[in-house]
Amino acid sequence: MIVYALIFVLALGSVLLFVRALAGGGQAEKVSASLGRLEAYDLKSYRQAELAQPASTRIMQPINARLARLARMMTPQGRLSRLEARIEQAGRPWGLDLNALLALKFVGLAGGAVAAIVLAGTGWVSTPVFMLISAAIVGLSYYLPDLLVRSWGKERRARLSRSLPDFIDLLTVSVEAGLGLDAAMARIADKVRDPLREEILITLHHMRVGQSREAALQEMARRCNIKDLDSFVMALIQSQRLGVSLGHVLRIQSESIRDAQKARYEEQAQKMGIKLLFPLIFCIFPSLFVVILGPAAIRIYTVLLGTLAGE
């Protein structure tokens, strides 16, 4: 009974928080929304732009904002910064931003709580087992968006790391052919079709709106979070400060990055034997034993059974 009472209190608290979030934001949110409308200045054009959006977007955006605001109340500020950095490293898949991720986390938490309540209502398991299963369901449903974003970011960083040497080679050829650094990056962005193209376009956009080249390159290195790209950006910035030949620096960086990647691949290849040891022992070897020794064991069993029956 104590467990069911605790579940009822938690469910009631969740409902009250949900209602509070949907009831409307605070004064700061309202002022921010009003200032956003004033930026358009032309109210009629702003209204037409709103109506031009799909109906699903106009319906889901306010709900998404309220859910995200509720999730922000339950999330520490430091964790919000880390989540924002992970979303940027993942390349914002499907236009995902921090508010959408927080809304997904809150929906997952609510779904896990509902699943726990349904499990409690069935009465199929004992109280300790119920507590363990409920904690696992709620934790998994809450942290599943984080795990997906981290996985997407890891895959994207791997693709960026693989395409970085080719990008530096193309940049070297373009610079030595007489193009400036910005024009060379823009030309390469027209040719490649990988995550690096997105980062190049974002960096060029930051330069066009007034950000310095050094700050834009450092921001690109921070978003990608790749060690090789960090060293490349630092070498590029130092060459521009000291007036060193850019083509020479690019060739040296291309060779060093390729050597570093080759060393990492060789290290991974050497670790592959140890990683394959456990699947061999627990998955492949038992199957081989069954295939090889199975017929012999059956024949031995048949012979022994016939011998015992003859005696």
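The values are calculated or read from the model by the stated rules, or taken from the named source; none is laboratory data. Computed from a prediction, not measured in an experiment: that's the story for all the values here. In this analysis, Cβ positions are derived from the backbone assuming ideal geometry, glycine residues included, and neighbour counts consider all displayed protein chains.
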Check: Considering only segment 78-101, how many residues are touching a residue at least 24 places away in the same chain (Cβ under 8 Å) and outside any helix (DSSP H, G or I)?
Finding: 3
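May I ask you to list the residues in segment 149-164 that are of a type outside the set (Asp, Glu) and either in contact with a His (Cβ under 8 Å, 6 or more places away or on another chain) or surrounded by fewer than 18 Cβ atoms within 10 Å (Cβ to Cβ) (or both)?
Here is the first cut: in segment 149-164, the ones of a type outside the set (Asp, Glu) are 149-154, 156-164.
If the condition is that a residue be of a type outside the set (Asp, Glu) and either in contact with a His (Cβ under 8 Å, 6 or more places away or on another chain) or surrounded by fewer than 18 Cβ atoms within 10 Å (Cβ to Cβ) (or both), then 150, 151, 154, 158, 159, 162, 163 are the ones that fit.
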Notebook entry, point to check: under 23 Å from residue 68 (Cα atoms), in a helix (DSSP H, G or I) and modelled with pLDDT of 80 or more, is that true of residue 104?
Noted result: yes
Margin query: Between 209, 192, 233, which is in the same structural domain as residue 253 (by TED's automatic domain parsing), surrounded by fewer than 14 Cβ atoms within 10 Å (Cβ to Cβ) and not charged (D, E, K, R)?
Written below: 209
